[in-house]
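S.K.: Starting off with a structure, shown below.
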Amino acid sequence: MPSLLALFRVLRHRLAGGAPWLALLAWVLLLALAAFLAWQPFAAQRRAVLAETRDRIAARRHALDTRLWEVIYQVESQRRAAENGLAQPPSPPALMHALKTLPDGKSTGLEAVPPALLAARVGNVFVPGRREAMSAATERELAMALSLFPMHKAALAATPELAWVYYHSVDGWCAASPWLSQRQLLAENGSGSLSGFMKAAADLDFLKMGMPARNPQRRSYWTPLYRDPVGKGWLMSYAAPVYEKQRFRGVAAADLTLHFLSAFLESARGDGAQWLLADRSVNAPGARLVAASRFNAAGGEALPDWRDFARQRLDLPAAPGLKAGQWQEWGDYQVYVDPLDRVPWSLVYLVPARVIDRQVLSQLRPVIGLLVLLLLLFTLVGAKLWQAVRELQRRASTDGLTGVSNRRAFFETARREQARHTRLGQPFSLLMIDIDHFKQVNDLFGHAAGDRVLKEFSALLCSLMRAEDLFARLGGEEFACLLCGSDAEQAREVAERLCRIVSRTAFILSGGQRVSLTASFGVATAESSRLSLEELYQNADHALYRAKEAGRNRVEVAGTPSAGHLAVAGPPI
Ligand SMILES: Nc1nc2c(ncn2[C@@H]2O[C@H](COP(=O)(O)OP(=O)(O)OP(=O)(O)O)[C@@H](O)[C@H]2O)c(=O)[nH]1
């Protein structure tokens, strides 16, 4: 607080000191105003850029939801077709006929059916056990499953991110696309027998979550992530339970690869931003990373916690509690979380704050350019004004003819000296100087010559002053000196020296004539007495009057008896 008061005092003093300080203050205020005005559009533009980015994220999320919706749509269509097929058995497809008439009578794979029937080998069937042992119900169900192959084909063509499309019977067999021979299946899985593989598959979520005990409402569902038993990496299945009236028969399902998701996010990358997909709500403990730009879990390695992944990859501090649907700060990044509609996943977008700022600045470039231009213009005009004001100030304190200080400047300085004297008790003296019989110079040589003498007289006395003293022309042929720190004795000595030098100096006119002059001096000193400046001035003036009265060319000191301090006697001209 005291320092604030001190600052205020300095400012008040400076401002009282003149217009340049006022101009400087105006300039600083304008700069602050410009900064404020620039900040407004910057903040608004930043909001606009963030809103625009949020819309891009929503569009991306929507695109992802649409792809997931396609998966859902494919599976739901197949569930309907499967249930219709079970209710009103279609005439068995040619594939079923071929399967039943295979020469070996044992296998149920489609490897051996005539090539013409498998021209478009969409998928294969994996039915453990001997064909002859197949019940009539299983045969009907298998015929129905084989009739789904054209739909598998359409689904794979429309949704390339699908790893598998299949019908899996609760009786432990399956019809799956795309094509995979039974030998390849067993080799990929590493299991010795088809029945062993099918038993293990039946333990997976895609079938168990459809069972009536766990899913009495017959809802379709997404499974949690799991590793593909046939080596296609991480999968997530969408499955729909298939019923024949009240009897659960199996599931129609499709498996989505995470590889596709990473590729999907990668295609939207740019500007140092990161897209991440978490397999739960973002703040859920243990939420895993499903996909990220520049990340591929297709190999089936363990999926990291998505927050750890983000922290390590982007060198971020511990994650804050994140809210969906709003921008938040996370380290040097801005983060936005958009939950997906079709799966309980969260799409997370992380963008470096500097990228947003760069975008804002690039959009504001014209405004900033204009502002800088205006500031430059104002600075130029301000500088010119400053110069003009300083010149005015100089003129206001300078005598036009002689170039020395004028009456106003003299009294201003004298008042400061008087204040110092009052505060510190330091003495100072005033000398009043009047050229003797100056009228004769005008009368004899003309007014112009008089002017020249006044100039030379001023230049002479100015050159004899100390740097801390002040010489001024009060008007006409009357001058004054302010002797800082000089007591009466010192002032008298100075006055006598000046008086002597003036009387010994020849002033040369433009025509070459030499003019000799004398001057009279009145001295008054502020020492211990508490005189006002006006009283001091009057005392000096009286002393000068006494010097004139006593015959001129002399020094009289106020408060002392007329001593007739004649410097040098001699004619005035
Ligand atoms: N050339 C010139 N003369 C000036 C100027 N200002 C005042 N004067 C003249 O200075 C003269 C002053 O005359 P006075 O007041 O009679 O005094 P003085 O002739 O110096 O006589 P004392 O002061 O009594 O010694 C007048 O003639 C004024 O015209 C000026 O700026 N230029």
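S.K.: Being in a strand (DSSP E or B), assigned by TED's automatic domain parsing to the domain that holds Thr413 and within 16 Å of the ligand (Cβ to nearest atom) narrows it down to one residue among Val515, Val502, Val453; which is it?
M.R.: Numbers: Val502 fails: in a strand (DSSP E or B); Val453 fails: in a strand (DSSP E or B).
Going through Val515, Val502, Val453 in turn, just one is in a strand (DSSP E or B), assigned by TED's automatic domain parsing to the domain that holds Thr413 and within 16 Å of the ligand (Cβ to nearest atom): Val515.
S.K.: Okay, next question. Within the range 436-450, count every residue that is in a helix (DSSP H, G or I), near the ligand (Cβ under 7 Å from one of its atoms) and either of a type outside the set (A, V, I, L, M, F, W, C) or not assigned by TED's automatic domain parsing to the domain that holds Phe411 (or both).
M.R.: Of the residues in the range 436-450, 5 are in a helix (DSSP H, G or I), near the ligand (Cβ under 7 Å from one of its atoms) and either of a type outside the set (A, V, I, L, M, F, W, C) or not assigned by TED's automatic domain parsing to the domain that holds Phe411 (or both).
S.K.: Which of the residues belonging to the range 419-435 are buried (at least 19 other Cβ atoms within 10 Å of the Cβ) and either out of contact with any helix residue (DSSP H, G or I) (no Cβ under 8 Å at 6 or more places or on another chain) or assigned to a helix (DSSP H, G or I) (or both)?
M.R.: His421
S.K.: Any chance you could count how many residues in the range 152-187 are on the phi > 0 side of the Ramachandran plot and among the acidic types (Asp, Glu)? Give the derivation first.
M.R.: Start the filter on the range 152-187 by keeping residues that are on the phi > 0 side of the Ramachandran plot, which leaves 172.
Going one step further and asking which of them are among the acidic types (Asp, Glu), we end up with none.
Counting residues in the range 152-187 that are on the phi > 0 side of the Ramachandran plot and among the acidic types (Asp, Glu) gives 0.
S.K.: Being under 17 Å from Thr505 (Cβ atoms) and within 16 Å of the ligand (Cβ to nearest atom), is that true of even one residue in the range 468-478? Full working, then the answer.
M.R.: Filtering the range 468-478 for residues under 17 Å from Thr505 (Cβ atoms) gives 471, 477.
Okay, now just the ones that are also within 16 Å of the ligand (Cβ to nearest atom), so 477.
Yes; the residues of the range 468-478 include at least one that is under 17 Å from Thr505 (Cβ atoms) and within 16 Å of the ligand (Cβ to nearest atom).
S.K.: Filter the range 192-220 down to the residues that are open to solvent by less than 20 Å² (accessible area, probe 1.4 Å) and over 27 Å from Arg131 (Cβ atoms) and list them by number.
M.R.: Matches in the range 192-220: Asn215 only.
S.K.: I'd like the full set of residues that are modelled with pLDDT of 90 or more and either more than 16 Å from the ligand (Cβ to nearest atom) or open to solvent by 10 Å² or more (accessible area, probe 1.4 Å) (or both), limited to the range 519-531.
M.R.: In the first step, residues of the range 519-531 are kept if they are modelled with pLDDT of 90 or more; the result is 519-526.
Once the filter is applied, which keeps residues that are modelled with pLDDT of 90 or more and either more than 16 Å from the ligand (Cβ to nearest atom) or open to solvent by 10 Å² or more (accessible area, probe 1.4 Å) (or both), the range 519-531 yields Val523, Ala524, Thr525, Ala526.
S.K.: How many residues, within the range 136-154, are within 55 Å of the chain's Cα centre (by Cα) and either in a loop (DSSP other than H, G, I, E, B) or buried (at least 24 other Cβ atoms within 10 Å of the Cβ) (or both)?
M.R.: Within the range 136-154, the first condition is being within 55 Å of the chain's Cα centre (by Cα), and the residues that meet it are 151-154.
Next, only the ones that are either in a loop (DSSP other than H, G, I, E, B) or buried (at least 24 other Cβ atoms within 10 Å of the Cβ) (or both) stay: 152.
Count: 1.
S.K.: May I ask you to list pairs of residues, at least six apart or on different chains, whose Cβ atoms are under 9 Å apart, with the first in the range 68-97 being closer than 23 Å to Pro115 by Cα and open to solvent by less than 70 Å² (accessible area, probe 1.4 Å) and the second being of a type in the set (Phe, Trp, Tyr) and in a helix (DSSP H, G or I)?
M.R.: Within 9 Å, the pairs are Pro93/Phe149; Leu95/Phe149.
S.K.: Go through (1) in contact with a strand residue (DSSP E or B) (Cβ under 6 Å, 6 or more places away or on another chain); (2) away from the ligand (no atom under 16 Å from the Cβ) and name the single condition Arg408 misses.
M.R.: (1)
S.K.: If we scan the range 120-127, do we find a residue that is within 60 Å of the chain's Cα centre (by Cα), closer than 18 Å to Leu95 by Cβ and not in a loop (DSSP other than H, G, I, E, B)?
M.R.: If we filter the range 120-127 for residues that are within 60 Å of the chain's Cα centre (by Cα), which is where we start, we get 120-124.
Narrowing the set further to residues that are closer than 18 Å to Leu95 by Cβ leaves 120-124.
Now drop any that are not not in a loop (DSSP other than H, G, I, E, B), which leaves 124.
The answer is yes; a qualifying residue exists.
S.K.: Next question, about the same structure. Failed condition for Ile433, given (1) hydrophobic (A, V, I, L, M, F, W, C); (2) away from the ligand (no atom under 16 Å from the Cβ); (3) in contact (Cβ under 8 Å) with a residue 40 or more places away in the chain, with all others met?
M.R.: (2)
The values are calculated or read from the model by the stated rules, or taken from the named source; none is laboratory data. Predicted model only: the values in this text are computed from it and were never measured. A quick note on method: Cβ atoms are made from the backbone with ideal geometry, for glycine too, and the neighbour counts reach across all protein chains shown. Ligands, DNA and RNA are excluded from the accessible area calculation, which covers all protein heavy atoms including side chains. Shrake-Rupley method; radii C 1.70, N 1.55, O 1.52, S 1.80 Å.
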